[in-house]
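Q: I have a structure I would like to understand better, so I am pasting it below and will then ask my questions one at a time.
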Amino acid sequence: MDSGSTQVIGIFRSEPAAEAAHAALVQAGFEECRVIRPQPRVVADAAGEEGAEGGARTTPAPDASALDAAAVRAAVLDGYLPGALSRAYLHLLEAGAIVVSVKAPFGEGAAAQATVYSAQGYEPAPEPPPPRNPAPFSTAFGIPVLSRSRSRTELTPTWSFSDFLGLRVLSRDPAPLSRALGMATLSGGAAQGGRPAQRKTTSFGLPLLSRSAAPLSSAVGLSTLTAPKREWKTSFGLPLLSRSASPLSDLFGLPVLTRKQ
């Protein structure tokens, strides 16, 4: 189907009714209309035709079902019939029904529906069957989908992600995952086994509470920042305090920007 167009289809059981619906669509200004008729069922003549040697032979009847299938395929390719329902439309043609389809431009689908639906002898087009599995990803992983069976949309109560991991949804244990994996947690109560939890006093071999302001430096013998042995008056050969506004330029004899006299 063309981008931006709406497919409107009606089923009719008689040729005059289908022609009237088609004429109404054309009169309403819809140019892309198609009437898909069943192929006539021709019965072979039992007497047959006289053969070249004077014997009687029968003329095989055209395969009307094959012609109907070709008409349905052509309508699907041209955008007048949905490909997913081609078999249903083929059965309608084989039963003698006539299909009227129109491709309504963008914004005119409602007008096309009103014209087709109000035509005498109109029957609704086949509806697509419901999908067999509307949520294949959820089904593959055993995850339920949203259900509207209750007054509000909610997750079905028969399954939860905690059940999938073997954890209780509501538990008095504040850390069920850590407990399931055998991992210790931070707790102020008794430790597992009923014995009181021992307070940790060291970390990496160093006391947690120490009188030393720099326990790591003290442990490896590194000196810390202390008061200088002598007062600093210069830095990289320059005085820290100077009356010169540009001591570095003065040191290297470089001119500085001055006001023009």
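Q: Every residue in the range 204-261 that is at pLDDT 75 or above, among the hydrophobic types (A, V, I, L, M, F, W, C), surrounded by 10 or more Cβ atoms within 10 Å (Cβ to Cβ) and not in a loop (DSSP other than H, G, I, E, B), please.
A: L216, A219, L248, L251
Q: Does A119 satisfy the condition of being assigned to a helix (DSSP H, G or I), modelled with pLDDT of 80 or more and under 22 Å from E32 (Cβ atoms)? Don't jump to the end; show me each part of the working.
A: Values: assigned to a helix (DSSP H, G or I): no; modelled with pLDDT of 80 or more: yes; under 22 Å from E32 (Cβ atoms): yes.
Taking the combined requirement at face value, the residue does not satisfy it.
Q: Right, another one. Just to be sure I understand, how many residues within the range 103-136 are in contact (Cβ under 8 Å) with a residue 12 or more places away in the chain, over 18 Å from P16 (Cα atoms) and surrounded by 11 or more Cβ atoms within 10 Å (Cβ to Cβ)?
A: 10
Q: Right, something else. Please specify each residue of the range 19-65 satisfying the condition of being of a type in the set (A, V, I, L, M, F, W, C), in a helix (DSSP H, G or I) and modelled with pLDDT of 90 or more.
A: Start the filter on the range 19-65 by keeping residues that are of a type in the set (A, V, I, L, M, F, W, C), which leaves 20-21, 23-26, 28, 30, 33, 35-36, 42-44, 46-47, 52, 56, 61, 64.
Of the ones still in play, those that are also in a helix (DSSP H, G or I) are 20-21, 23-26, 64.
Those that are of a type in the set (A, V, I, L, M, F, W, C), in a helix (DSSP H, G or I) and modelled with pLDDT of 90 or more: A20, A21, A23, A24, L25, V26.
The values are calculated or read from the model by the stated rules, or taken from the named source; none is laboratory data. All values derive from a computational prediction rather than experimental measurement. Positions of Cβ are generated from backbone atoms using ideal geometry, with glycine treated the same way; all protein chains shown enter the neighbour counts.
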